[in-house]
Amino acid sequence: MLPGLVLVLASVLAGEGIASVVGLPLPGTVYGLLTALVLLASVRRAEAWITPAAEMLLSNFALFLVPLAALALMVDPALLRLLPRLALVAALTLPLTALATLGAFSSLARLSRRRGAVRE
């Protein structure tokens, strides 16, 4: 898993370096993802190295977000007044996003079936 973490960190750092040199209004993480994609496409063992590290990072992703939210509330307690509004927005947008995703998936599945029937 350590080689995978090193590759992920190297991709992020390379992306930040590219972003500072290029000067386009894209964050370094976008360049880092592109760097990781090139790495995965060109190095044969990169997927075997990155997969365990990626699974570990994704399984603990919530741990990265909770401290940020707590820090934001500590830095600006006025955000607590916005909490009911934020909860309402989350309660409304989550089901809408799920329905939109379901609709898009259903449409793509139907389109895929139609194209499969045409090819046969």
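The values are calculated or read from the model by the stated rules, or taken from the named source; none is laboratory data. Since the structure is predicted, the reported quantities are computational estimates derived from the model, not experimental observations. Heads up, the Cβs are rebuilt from the backbone with ideal geometry, glycines too, and the neighbour counts pull from every protein chain shown.
Taking residues in region 62-73 that are surrounded by fewer than 10 Cβ atoms within 10 Å (Cβ to Cβ), and partners anywhere that are not polar (S, T, N, Q), the pairs with Cβ atoms closer than 9 Å and at least 6 places apart or on different chains are 64/57. Number of residues in region 17-38 that are among the small types (Gly, Ala, Ser), over 15 Å from the mean Cα position of the chain (by Cα) and either assigned to a loop (DSSP other than H, G, I, E, B) or surrounded by 13 or more Cβ atoms within 10 Å (Cβ to Cβ) (or both) equals 3. State whether one or more residues within region 81-95 are over 21 Å from the mean Cα position of the chain (by Cα), of a type outside the set (A, V, I, L, M) and closer than 29 Å to residue 6 by Cβ. Checked region 81-95: no residue is over 21 Å from the mean Cα position of the chain (by Cα), of a type outside the set (A, V, I, L, M) and closer than 29 Å to residue 6 by Cβ. Yes or no: residue 118 part of a helix (DSSP H, G or I), within 20 Å of the chain's Cα centre (by Cα) and modelled with pLDDT under 90? No; evaluated as a whole, the condition is false for this residue. Here residue 14 passes the criteria (1) surrounded by fewer than 17 Cβ atoms within 10 Å (Cβ to Cβ); (2) at pLDDT 90 or above; (3) part of a helix (DSSP H, G or I) except the one numbered (1).
List pairs: first in region 74-92 and at pLDDT below 80, second surrounded by 10 or more Cβ atoms within 10 Å (Cβ to Cβ), Cβ under 8 Å, 6+ apart or cross-chain? Listed pairs, sorted by first residue: 79/72; 79/73; 80/73. Residues of region 57-77 include at least one that is more than 25 Å from the chain's Cα centre (by Cα), more than 30 Å from residue 2 (Cβ to Cβ) and not hydrophobic (A, V, I, L, M, F, W, C). Looking across region 39-55, the residues that are of a type in the set (A, V, I, L, M, F, W, C), more than 13 Å from the chain's Cα centre (by Cα) and either surrounded by 13 or more Cβ atoms within 10 Å (Cβ to Cβ) or not assigned by TED's automatic domain parsing to the domain that holds residue 6 (or both) come down to 39, 40, 43, 46, 49, 50, 53. For region 95-109, the criterion of a residue being within 30 Å of residue 11 (Cβ to Cβ) and touching a residue at least 40 places away in the same chain (Cβ under 8 Å) is satisfied by no position.
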